[in-house]
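Undergrad: What follows is a structure written as structure tokens; I'll ask about it next.
The values are calculated or read from the model by the stated rules, or taken from the named source; none is laboratory data. These numbers were taken from a predicted model, which means no experiment stands behind them. For neighbour counting, all protein chains shown are included, and Cβ atoms are generated from backbone atoms with ideal geometry for every residue, glycine included. Surface areas here come from the heavy atoms of the whole protein model, side chains and all, with no ligands, DNA or RNA. Shrake-Rupley method; radii C 1.70, N 1.55, O 1.52, S 1.80 Å.
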2 protein chains.
Amino acid sequence: MENNLNHRVLNWTPVPFNKVNVTDDFWLPRIATLKNVTIPACLTQCEKTGRISNFARAGGLETGQHQGMYYDDSDVYKVLEGAAYTLMHERDPILEKEIDRIIGLIAAAQETDGYLSTYYTLASPDFKWTDMEKHEMYNGGHLIEAAVAYYEATGKREMLGVACKLADHYLSMFGPSKRHWVEGHQGIELALVKLYHITGEAKYVSFAQWLLEERGHGHGSGAIWDKEDWGPAYCQDDVPVKDIEKVTGHAVRAMYLYAGMADVARATGEEGYLDALLRVWAHTVERNMYVTGGIGPSRHNEGFTADYDLPNDTAYCETCASIGMALWNHRMNLLFGDAKYADIVEQELYNGVLAGISLSGDRFFYVNPLASEGNHHRVEWFHTSCCPTNLARFLPSIGGYQFAVTDKGIVCNQYVAGKADLQLSDGFAVQIESAADYPWEGNIRLKLRPQRERIFPLLLRIPGWCRGFQVCVNGDRIHPDAYRLEKGYLVLERNWGVGDAVELRLEEPVQLVRAKAEVESDRGRFAVRRGPILYCLEQADNPILKYDDYAMPADMTWSIAPGSDSLEGAYLLTAHDRRGHTFRLIPYYAWDNRSPGFMQVWVKELESGALYKQ
Amino acid sequence: MENNLNHRVLNWTPVPFNKVNVTDDFWLPRIATLKNVTIPACLTQCEKTGRISNFARAGGLETGQHQGMYYDDSDVYKVLEGAAYTLMHERDPILEKEIDRIIGLIAAAQETDGYLSTYYTLASPDFKWTDMEKHEMYNGGHLIEAAVAYYEATGKREMLGVACKLADHYLSMFGPSKRHWVEGHQGIELALVKLYHITGEAKYVSFAQWLLEERGHGHGSGAIWDKEDWGPAYCQDDVPVKDIEKVTGHAVRAMYLYAGMADVARATGEEGYLDALLRVWAHTVERNMYVTGGIGPSRHNEGFTADYDLPNDTAYCETCASIGMALWNHRMNLLFGDAKYADIVEQELYNGVLAGISLSGDRFFYVNPLASEGNHHRVEWFHTSCCPTNLARFLPSIGGYQFAVTDKGIVCNQYVAGKADLQLSDGFAVQIESAADYPWEGNIRLKLRPQRERIFPLLLRIPGWCRGFQVCVNGDRIHPDAYRLEKGYLVLERNWGVGDAVELRLEEPVQLVRAKAEVESDRGRFAVRRGPILYCLEQADNPILKYDDYAMPADMTWSIAPGSDSLEGAYLLTAHDRRGHTFRLIPYYAWDNRSPGFMQVWVKELESGALYKQ
């Protein structure tokens, strides 16, 4: 397929995480927990709740009615996708046997014409494709993603066959001069682009583009559209996608839509999406994003309300929406080659997304408020359990966000310790190894092993939170005149030899963050950040404080040290003010892992007499 | 003399700089330049301008009239004081010979009754003690300080004898039941306390206290008092010192007054000064201090105007006033044991004071604006040349601000690399050695060698600009529960053994500083600071910019690297914004050392769309 993206886009190539060997002290234990605890726990829940049986029943392998909700198939697919990712880190015959068994059930559940959605097959076979809100293609999208992942991890094709058959079924029914379809919950679009990349079949990306173009023309119908206070904006069907100005409606759907638009733009060179993506990105991050990276303040529509409406205690901030932000921003970064999108990926990774899962790996938040009086806790599973299964598939793929390849060089987007075997666009091989105590310390050490000496640019993301950095190559400090900063990247273009070492020192001070005055909920307050980690104050460390009944001056001194083992080596911040009060803050992602109690991100600021304030 | 200071005061003991062997990469070359360039240059100027001849003429050793101003004697004393300080670093027979020669002239100029002020002796012998503005005791104060310094440096008593004879002359004429005297330009008070400490003669500190108490009762008279728009407030004679609420009048006089009050309080236990000092300190630093540490915005009165009146381009900010702030705050620190005063000492050392002298050591600012269109430059000498000679005596004493001793332990106030032999209050000996690349890097390494193992507190100042720190002892990170923070100090109380090593990592990020909204001149602007160093933008590095005709966004990325040799290894900050503009900033103290051009500290802030701002 011809790519004729205009000059505004760079269209970098991602380095898939199976080319990256993560050795990171922060992420490696978490990936192990995902494999050993989270994925087995999710599989058990899928089994217990009938999500897996639904496939067996739809396939006629056992008897019984459909259990649960019409979108429950997707949870099984997402766990399989996550399991596939862990297999890319390390194969596991026992896990594969279980997956193969489930794939067998899924294949059995697929109807002869390719249709696959156990709810309709079992409960309502005569009403397929009658309500665009019923997640039929949403389920299919997750099937495709899981199939691609499992094929990449194992080379096994059975599930990929199911996926292609299902996609071909869609193509047979919908499309130009066929039926209209506005999928109520997006996700299918980006899945189809993945299917295109793995199969080389351009029809899948064309269909993804057709699905995008279906929106905003009044073709949508079903439960959502009929609800007066939701309507088409709820699922971003209010305007044609090229005309999108503002983020609206259900947060996860919006994110998956924009991710799909970016994917289609990258794959097809569709320029019409670029302006819409830039506009809606600015509208999202400049007016509608929490400092955690969380989005979608309202429980009512699981989504957006009015600009700057960012309440803390009632913040909805669905975990899946943060994952969606990461997926979208990752694609924006590849499309436009700007570090500010990778900044958001990082913000979600270490805050908005990571808070969704307990340190133990078996308890989850669906809703992620920025303040709690003490009654909000992670649980093992939900009736609608998209978040646990989304975490199970998203987090093991962390390595995939680390590097990218430009037309000439290499991009370091995330500072996760690991080793990657990359190929530049002309096939030139470069091994890159990164070491860091990130996120706790900002010293990044990179080692390059190009196949031979060569001049190429190495792009190092200078995170948006980072005000200052120093950089050395092979121990020599590099003067600012010898490099450039472009779109948030430090660009080191030089003749790289085997074993060349780069040391990047990112300043990681304790930072007090204040919101724009328009954000009423945060007025007179600050949040505390260090590096990419947003902090919060939790009752467990501050037993004498009462919820929101305290204030902190801005000129406190923070001592920085790893905490007790209960928070897995996380650096805690202990502040002392001049009245003799002490406050201890922990990373936001780590809250609600100890004794229950209140939590706050935005703390009241005690006005000081200081003439100058940083 | 009995010391019965109340519980609010700690009354630490300073460690004089002759007990401290400075090895600092930042300060050592500057002290060498002071000795090799500045002091010889000042002596030459004193010679050329008749300042030294005035003594010879007053002593009848040569003929001729008084040259220059009535306060010019003080310049000679200040250079001798500075020269004495350099001799404490390293004796120098040639320099001593020259000083001894000048001391001979000074001794000759002293009248039989002890009187010494060459202006009156030569030009107006019948009008001694008729105009309290004529700096007779101000001159004497500097004589005393020089005498004490030279005695401490060399053990030679001649000048000290002159000083005591002069002080005794004051005592014979003024005091309870004798004549009133309100010295127009303070300085004599703190000098008398020095004389008390070196001689043990309580009469000197009593007289200093009497002089303080003379103020604010209508006893003052002379040129200043008669001027309608100056009046008694100009020299802080408007209210009794215990009733001082606000900083007023001539900045240097105010600083010397408060320093004298702190000294007398420390020496006598005079509690009545404490509240006044605390009040006027807050009024000074919270409403009337520039971000450079500079004070006194107005050229008209060389002093203070209205609260928050801090214009940048017309800022007067006399170098001597910054030195005065350092002298006063050093004493406040010793008196109250609070790091916030040592913060100001540091702020002055690296900014307000240091800007006063060229890197070459032979050119000086009297006036230190925070913005210049390009026509403000250092010169070799002034008609009123207090600033060069004040720099010559202040800067070589840097080591004296480094350590103090509490009733039980040791205080590290300034992080200058060096080695000191201290004695705790009971005589227990501790050698302490500090190493640091300060101010450029915030890693401080301290080594302790107590005479034997002992439990005592080590107080490490956590600078006010520093938001976060980490601390290790003998390589082990210390958990915040194992220390406390008190009045800005990290207090490490433990059993210290020989060779124990402390590593303190102070975060030194690039910081954007904003002024309180009340400061009209700085509204919509920020200043840039890193560690204790305030930065400025100078045309030499930014040839395409025009004075105040540019704006910088807050979310820039700063690369940090030493500059070219022309700025002696100073770290420069190079910022890149997303429009492709580059800005380079240099330390404020280093401005006007290269090609002339504009300079600005407070730069206009380009508003960004950012929802969250640090």
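Undergrad: Restricting the range A:300-357 to residues that are in a loop (DSSP other than H, G, I, E, B) and charged (D, E, K, R), which is nearest to A:Cys42 (Cα to Cα)?
TA: Step by step, filter the range A:300-357, then rank; the result is A:Glu318.
Undergrad: I've got another one for you. Would you check if there is a residue in the range A:459-471 being more than 10 Å from chain B (Cβ to nearest Cβ) and assigned to a loop (DSSP other than H, G, I, E, B)?
TA: Within the range A:459-471, none of the residues are more than 10 Å from chain B (Cβ to nearest Cβ) and assigned to a loop (DSSP other than H, G, I, E, B).
Undergrad: Further, regarding this structure: Output the number of residues of the range A:379-392 satisfying the condition of being open to solvent by 10 Å² or more (accessible area, probe 1.4 Å) and touching a Phe, Trp or Tyr at 6+ places or on another chain (Cβ under 9 Å).
TA: 6
Every residue, every condition in (1) of a type in the set (Gly, Ala, Ser); (2) touching a residue at least 60 places away in the same chain (Cβ under 8 Å); (3) within 22 Å of B:Leu278 (Cβ to Cβ); (4) in contact with a Leu (Cβ under 6 Å, 6 or more places away or on another chain), yes or no:
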site: B:Gly231; (1), (2), (3), (4): yes, no, no, no
site: B:Tyr234; (1), (2), (3), (4): no, yes, no, no
site: B:Asp237; (1), (2), (3), (4): no, no, yes, no
site: B:Lys246; (1), (2), (3), (4): no, no, yes, no
site: B:Arg253; (1), (2), (3), (4): no, yes, yes, no
site: B:Asp263; (1), (2), (3), (4): no, yes, yes, yes
site: B:Arg266; (1), (2), (3), (4): no, yes, yes, yes
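Undergrad: Anything in the range B:275-301 that is under 15 Å from the mean Cα position of the chain (by Cα) and more than 20 Å from B:Thr319 (Cα to Cα)? List them, or say none.
TA: Correct list: empty.
Undergrad: Another one. Across the range B:480-506, which residue is nearest to A:Lys613 (Cα to Cα) among those that are free of Cβ contacts under 8 Å to residues at least 24 places away in the same chain and crowded, with 18+ Cβ neighbours inside 10 Å?
TA: Once the filter is applied, the top-ranked residue is B:Leu485.
Undergrad: Pick out, from the range B:546-614, the strands (runs of 3 or more DSSP E) lying fully within it that include 3 or more residues that are facing chain A (nearest Cβ under 10 Å).
TA: B:557-562, B:571-576
Undergrad: Could you count how many residues in the range B:397-415 are at pLDDT 95 or above, hydrophobic (A, V, I, L, M, F, W, C) and touching a helix residue (DSSP H, G or I) at 6+ places or on another chain (Cβ under 9 Å)?
TA: 3
Undergrad: If you don't mind, there's one more thing I want to ask. Does A:His135 satisfy the criteria of being under 28 Å from the mean Cα position of the chain (by Cα), closer than 30 Å to A:Tyr401 by Cα and surrounded by fewer than 24 Cβ atoms within 10 Å (Cβ to Cβ)?
TA: It is false that A:His135 is under 28 Å from the mean Cα position of the chain (by Cα), closer than 30 Å to A:Tyr401 by Cα and surrounded by fewer than 24 Cβ atoms within 10 Å (Cβ to Cβ).
Undergrad: Kindly provide the set of residues from the range B:474-485 that are assigned to a strand (DSSP E or B) and more than 8 Å from every other protein chain (Cβ to nearest Cβ), ordered by number.
TA: B:Asp476, the sole residue that qualifies.
Undergrad: Follow-up. Being over 25 Å from the mean Cα position of the chain (by Cα) and under 27 Å from B:Leu446 (Cα atoms) narrows it down to one residue among B:Leu492, B:Leu573; which is it?
TA: Being over 25 Å from the mean Cα position of the chain (by Cα) and under 27 Å from B:Leu446 (Cα atoms) holds for just one of B:Leu492, B:Leu573, which is B:Leu492.
Undergrad: Determine whether the range B:218-230 contains at least one residue that is farther than 22 Å from B:Gly296 by Cα, among the polar types (S, T, N, Q) and open to solvent by 10 Å² or more (accessible area, probe 1.4 Å).
TA: yes
Undergrad: Scan the strands (runs of 3 or more DSSP E) fully inside the range A:486-544 and keep the ones with 1 or more residues being at the interface with chain B (Cβ under 8 Å from one of its Cβ atoms). Explain how you work it out, then say what you get.
TA: On the way: elements: A:489-496, A:500-506, A:510-515, A:525-530, A:533-538.
In the range A:486-544, A:489-496, A:510-515, A:525-530 are the strands (runs of 3 or more DSSP E) which contain 1 or more residues that are at the interface with chain B (Cβ under 8 Å from one of its Cβ atoms).
Undergrad: Being in contact with a strand residue (DSSP E or B) (Cβ under 7 Å, 6 or more places away or on another chain), within 12 Å of chain A (Cβ to nearest Cβ) and either without any contact (Cβ under 8 Å) to a residue 60 or more places away in the chain or within 24 Å of B:Lys194 (Cβ to Cβ) (or both) is the filter here, so list the residues in the range B:282-297 that pass it.
TA: Of everything in the range B:282-297, those that are in contact with a strand residue (DSSP E or B) (Cβ under 7 Å, 6 or more places away or on another chain), within 12 Å of chain A (Cβ to nearest Cβ) and either without any contact (Cβ under 8 Å) to a residue 60 or more places away in the chain or within 24 Å of B:Lys194 (Cβ to Cβ) (or both) turn out to be B:Thr284, B:Asn288, B:Met289, B:Ile295.
Table: residues versus (1) surrounded by 24 or more Cβ atoms within 10 Å (Cβ to Cβ); (2) charged (D, E, K, R); (3) touching a residue at least 60 places away in the same chain (Cβ under 8 Å).
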residue: A:Asp243; (1), (2), (3): no, yes, no
residue: A:His250; (1), (2), (3): yes, no, yes
residue: A:Gly260; (1), (2), (3): yes, no, yes
residue: A:Ala276; (1), (2), (3): no, no, no
residue: A:Val280; (1), (2), (3): no, no, no
residue: A:Arg299; (1), (2), (3): no, yes, yes
residue: A:Met325; (1), (2), (3): yes, no, yes
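Undergrad: Follow-up question, since we're still on this one. Just for the range A:437-479: of the residues that are basic (Lys, Arg) and touching a residue at least 24 places away in the same chain (Cβ under 8 Å), which one is surrounded by the fewest Cβ atoms within 10 Å (Cβ to Cβ)? Even if it seems obvious, please write down each step before you answer.
TA: Going residue by residue through the range A:437-479, those that are basic (Lys, Arg) are A:445, A:447, A:449, A:452, A:454, A:461, A:467, A:477.
In the following step, the residues that additionally are touching a residue at least 24 places away in the same chain (Cβ under 8 Å) were identified as A:445, A:447, A:449, A:452, A:454, A:461, A:467.
Details: A:Arg445: 17, A:Lys447: 15, A:Arg449: 16, A:Arg452: 9, A:Arg454: 15, A:Arg461: 27, A:Arg467: 26.
If we take residues in the range A:437-479 being basic (Lys, Arg) and touching a residue at least 24 places away in the same chain (Cβ under 8 Å), then A:Arg452 is surrounded by the fewest Cβ atoms within 10 Å (Cβ to Cβ).
Undergrad: Return yes or no: is A:Phe365 of a type in the set (Phe, Trp, Tyr), outside the structural domain of A:Val519 (by TED's automatic domain parsing), surrounded by fewer than 24 Cβ atoms within 10 Å (Cβ to Cβ) and touching a residue at least 12 places away in the same chain (Cβ under 8 Å)?
TA: Working: of a type in the set (Phe, Trp, Tyr): yes; outside the structural domain of A:Val519 (by TED's automatic domain parsing): yes; surrounded by fewer than 24 Cβ atoms within 10 Å (Cβ to Cβ): yes; touching a residue at least 12 places away in the same chain (Cβ under 8 Å): yes.
It is true that A:Phe365 is of a type in the set (Phe, Trp, Tyr), outside the structural domain of A:Val519 (by TED's automatic domain parsing), surrounded by fewer than 24 Cβ atoms within 10 Å (Cβ to Cβ) and touching a residue at least 12 places away in the same chain (Cβ under 8 Å).
Undergrad: Something else about it: Using the structure shown, decide if A:Ala517 is free of Cβ contacts under 8 Å to residues at least 40 places away in the same chain and closer than 29 Å to B:Gly609 by Cα.
TA: yes
Undergrad: Return only the number of the condition from (1) modelled with pLDDT of 95 or more; (2) more than 25 Å from the chain's Cα centre (by Cα) that A:Arg484 does not satisfy.
TA: (1)
Undergrad: Would you mention how many residues in the range A:173-205 are among the polar types (S, T, N, Q) and in contact (Cβ under 8 Å) with a residue 40 or more places away in the chain?
TA: Adding up the residues that qualify gives 1.
Undergrad: Just to be sure I understand, how many residues within the range B:4-34 are of a type in the set (D, E, K, R), over 30 Å from B:Asp407 (Cβ atoms) and part of a helix (DSSP H, G or I)?
TA: Within the range B:4-34, residues that are of a type in the set (D, E, K, R), over 30 Å from B:Asp407 (Cβ atoms) and part of a helix (DSSP H, G or I) number 1.
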